Amino acid sequence: MLDVRDLRVTYGTTVAVDGIDLSVGDGEIVGLLGPNGGGKTSTLRAISRVVGSEGEVIFDGTSLAGRSPDVVARRGLVQVPEGRHVFPTLTVHENLQVGATARAGRAADFTLDDVYGLFPRLRDLRKRAGWALSGGEQQMVAIGRGLLAAPRLLLLDEPSLGLAPTVVDDVFAVLGAVAQRVPMLLVEQNTDRVLELAHRAYVLVKGRVVMAGDAAELGDRDAMMASYLGQSHIDGERDEGART
């Protein structure tokens, strides 16, 4: 479904993603793990063509080189970004309807009733404006909007960020149900949650893949993962000290 080869993202002189390879198979859930600043969000943005990059991104056998983000979304590569980006003046129902604009004539895998079934709280809030929603409610809207875009592959960036534990439980319960129907590439700081849901995962540190494998295999190597993440934190402190 997705094949990324030698992906590189730079911002000025800063290298955010340094020549990584990754793939997502049809029906597969793949996690992207790693510390803050590891390059995970930049990877998703490059795949969905929101930021420029070098290397190849091949979606369902077709290169996405030169494609704009809206064209990519209409092909079914749909991103739910970090920060939710709910339209503040639109109601919940109107925010969800926006997702349907990216379907571009493709058959809908999820209907509005499906989304309200997955997130019953939203049904009661359907007339509430986006600005009046809690963080958890906004995240539900963002995911629901992505599902209504008829994704053939869903890119999710930090779906649990800033949410209360009970809301995180609700969100991941929904993602578990969605995973039965839509492949995903999932960026998430909550390692345990990702490894419970995903088939495979990659660990990114300083823009490079430092570890990859089956979720069960990575789950049995917690100490090794902690050493990578911890070393990244230590290196960051050293770099900051050198600059000051």
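The values are calculated or read from the model by the stated rules, or taken from the named source; none is laboratory data. This structure is a prediction, so every number in the text was calculated from the model and none was measured. Cβ placement follows ideal geometry from the backbone for every residue including glycine, while neighbour counts extend to all protein chains displayed.
So which residues in the range 46-93 are exposed (fewer than 14 other Cβ atoms within 10 Å of the Cβ), in contact (Cβ under 8 Å) with a residue 40 or more places away in the chain, hydroxyl-bearing (Ser, Thr, Tyr) and over 22 Å from residue 138 (Cα atoms)?
Within the range 46-93, none qualify.
All but one of (1) surrounded by fewer than 18 Cβ atoms within 10 Å (Cβ to Cβ); (2) closer than 24 Å to residue 33 by Cα hold for residue 153; state the number of the condition that does not hold.
(1)
List every residue pair whose Cβ atoms lie under 6 Å apart, where the two residues are 6 or more positions apart in sequence or sit on different chains, the first residue falls within the range 185-211 and is within 17 Å of residue 155 (Cβ to Cβ) and of a type in the set (Val, Ile, Thr), and the second residue, located anywhere, is modelled with pLDDT under 90 and buried (at least 20 other Cβ atoms within 10 Å of the Cβ).
Final answer for the pair search is 194/188.
Within the set of pairs 6 or more residues apart or between chains, which connect a residue that is more than 16 Å from residue 179 (Cβ to Cβ) inside the range 135-162 to a residue that is in a strand (DSSP E or B) with Cβ atoms less than 6 Å apart?
From residues that are more than 16 Å from residue 179 (Cβ to Cβ), the pairs are 142/80; 149/78; 157/187; 158/187.
In the range 119-143, what residues are surrounded by 20 or more Cβ atoms within 10 Å (Cβ to Cβ) and touching a His at 6+ places or on another chain (Cβ under 8 Å)?
The one that is surrounded by 20 or more Cβ atoms within 10 Å (Cβ to Cβ) and touching a His at 6+ places or on another chain (Cβ under 8 Å): 142.
Being modelled with pLDDT of 95 or more, of a type outside the set (Lys, Arg) and in contact with a strand residue (DSSP E or B) (Cβ under 7 Å, 6 or more places away or on another chain) is true for just one of 197, 125, 204, 185. Which residue is that?
185
Quick check on my filter: what residues within the range 114-134 are in a loop (DSSP other than H, G, I, E, B), closer than 12 Å to residue 93 by Cα and aliphatic (A, V, I, L, M)?
Filtering the range 114-134 down to residues in a loop (DSSP other than H, G, I, E, B) leaves 119, 125-128, 133-134.
Keeping just the survivors that are closer than 12 Å to residue 93 by Cα gives 125-128.
125 - this is the single residue of the range 114-134 that is in a loop (DSSP other than H, G, I, E, B), closer than 12 Å to residue 93 by Cα and aliphatic (A, V, I, L, M).
Taking the range 79-99 on its own, how many of its residues are among the acidic types (Asp, Glu) and either within 21 Å of the chain's Cα centre (by Cα) or on the phi > 0 side of the Ramachandran plot (or both)? If you could, list the steps in order and put the result at the bottom.
Taking the range 79-99 and keeping what is among the acidic types (Asp, Glu), we get 82, 94.
Filter once more, so that each one left must be either within 21 Å of the chain's Cα centre (by Cα) or on the phi > 0 side of the Ramachandran plot (or both): 82.
Total satisfying the criteria: 1.
Can you pull out the residues in the range 11-58 that are farther than 22 Å from residue 188 by Cα, assigned to a strand (DSSP E or B) and either at pLDDT 95 or above or not hydroxyl-bearing (Ser, Thr, Tyr) (or both)?
Those that are farther than 22 Å from residue 188 by Cα, assigned to a strand (DSSP E or B) and either at pLDDT 95 or above or not hydroxyl-bearing (Ser, Thr, Tyr) (or both): 54, 55, 56, 58.
Can you name every residue in the range 183-200 that is under 14 Å from residue 28 (Cβ atoms), in a strand (DSSP E or B) and under 13 Å from the mean Cα position of the chain (by Cα)?
Correct list: 184, 185, 186.
Within the range 198-209, can you find the residues that are buried (at least 20 other Cβ atoms within 10 Å of the Cβ) and either over 12 Å from residue 17 (Cβ atoms) or small (Gly, Ala, Ser) (or both)?
Those that are buried (at least 20 other Cβ atoms within 10 Å of the Cβ) and either over 12 Å from residue 17 (Cβ atoms) or small (Gly, Ala, Ser) (or both): 198, 200, 201, 203, 207.
Can you name the number of the only condition in (1) more than 22 Å from the chain's Cα centre (by Cα); (2) at negative phi that residue 102 fails?
(1)
Looking only at the range 101-113, count how many residues are loosely packed, with under 14 Cβ neighbours inside 10 Å and part of a helix (DSSP H, G or I).
Within the range 101-113, residues that are loosely packed, with under 14 Cβ neighbours inside 10 Å and part of a helix (DSSP H, G or I) number 2.
Only residues that are buried (at least 22 other Cβ atoms within 10 Å of the Cβ) and out of contact with any Gly (no Cβ under 8 Å at 6 or more places or on another chain): list them for the range 25-40, please. Working first, answer last.
Initially, the range 25-40 is screened for residues buried (at least 22 other Cβ atoms within 10 Å of the Cβ), giving 29-34, 38-40.
The answer is 29, 30, 31, 32, 33, 34.
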